[in-house]
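The values are calculated or read from the model by the stated rules, or taken from the named source; none is laboratory data. The structure presented is a predicted model; accordingly, all values stated were derived computationally and were not measured. With ideal geometry, Cβ positions are generated from the backbone for all residues, glycine too; neighbour counts draw on all protein chains shown.
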Amino acid sequence: MKYWLFKTEPSGYGLEHFERDGVTPWSGVRSFQARNNMTEMKLKDQGLFYHSSIAEPAAVAICEVAREAYPDFTAQDKSSEYFDRKSSPSNPLWYMVDVKLIRKLPRPVKLAEMRNEPRLTGMALLRRGQRLSVQPVMPHEWKIILEMAQV
């Protein structure tokens with residue numbers, strides 16, 4: 001099993017939306033590296049649902065991959081802000097996975113706390129300039145964050 005971090009802006013799709021939906025397609029990702037991360041995902045891989053672009057960014061929930069990578073339908077939808085004319089049904093450029101909410105974290109783990117945890121020094125999220133919306137989390141990082149969240 002691998003672990004991942006899924007960044008989202010709560011004003012667009014936050015935890016309350018995820019709690020309502022239960023399962024959601026992780027669509028609209030337009031970074032090749034993040035797309036490649038999604039194509040590596042396997043059923044039941046787990047992830048951190050992470051609120052970004054807010055005053056105190058934080059990991060707020062645990063989720064899992066409910067469906068492995070498949071073509072992102074928003075790339076074919078001309079009315080979507082994620083439409084990409086270079087992508088086609090026969091040659092899709094963009095992929096998505098379905099993600100299922102497992103549980104809200106008992107205690108959100110703020111980005112500032114992660115930065116202050118010496119055992120997380122090498123974490124992708126904490127690297128300067130790291131802006132990927134979907135990124136890997138190493139097994140030891142996963143355990144530390146769950147410990148910090150009091151899971």
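In region 6-27, the qualifying residues are those that are of a type in the set (Ser, Thr, Tyr) and surrounded by 14 or more Cβ atoms within 10 Å (Cβ to Cβ), and the one that is nearest to MET123 (Cα to Cα) is THR8.
Quick check on SER87: is it under 15 Å from the mean Cα position of the chain (by Cα), surrounded by 14 or more Cβ atoms within 10 Å (Cβ to Cβ) and of a type in the set (Ser, Thr, Tyr)?
The answer is no for SER87.
Consider LEU101 carefully, then state whether it is within 15 Å of the chain's Cα centre (by Cα), surrounded by 19 or more Cβ atoms within 10 Å (Cβ to Cβ) and not in a helix (DSSP H, G or I). When the stated conditions are applied, LEU101 passes them.
Residues are listed down the side, and each one gets a yes or a no for (1) surrounded by fewer than 16 Cβ atoms within 10 Å (Cβ to Cβ); (2) closer than 21 Å to PRO139 by Cβ; (3) touching a Ser or Thr at 6+ places or on another chain (Cβ under 9 Å):
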position: TRP4; (1), (2), (3): no, yes, no
position: VAL29; (1), (2), (3): no, no, yes
position: ARG35; (1), (2), (3): no, no, no
position: VAL60; (1), (2), (3): no, yes, no
position: LYS78; (1), (2), (3): yes, no, no
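Of (1) touching a Phe, Trp or Tyr at 6+ places or on another chain (Cβ under 9 Å); (2) in a loop (DSSP other than H, G, I, E, B); (3) over 16 Å from THR39 (Cβ atoms), SER79 satisfies all except one. Which? Going through (1) touching a Phe, Trp or Tyr at 6+ places or on another chain (Cβ under 9 Å); (2) in a loop (DSSP other than H, G, I, E, B); (3) over 16 Å from THR39 (Cβ atoms) one by one, SER79 breaks only (1).
Scan region 7-54 for residues that are touching a His at 6+ places or on another chain (Cβ under 9 Å) and of a type in the set (Asp, Glu) and the total you get is 1.
Scanning region 126-151 for residues that are closer than 19 Å to SER52 by Cα and either surrounded by fewer than 14 Cβ atoms within 10 Å (Cβ to Cβ) or not hydrophobic (A, V, I, L, M, F, W, C) (or both) turns up ARG127, ARG128, GLY129, GLN130, ARG131, SER133, GLN135, PRO136, GLU141. If you go through region 128-148 and keep only what is over 19 Å from ASN36 (Cα atoms) and at pLDDT below 95, you end up with just ARG128.
Of the strands (runs of 3 or more DSSP E) lying entirely inside region 22-73, the ones with 1 or more residues being among the small types (Gly, Ala, Ser), at pLDDT 95 or above and out of contact with any helix residue (DSSP H, G or I) (no Cβ under 7 Å at 6 or more places or on another chain) are found at 46-51, 58-71.
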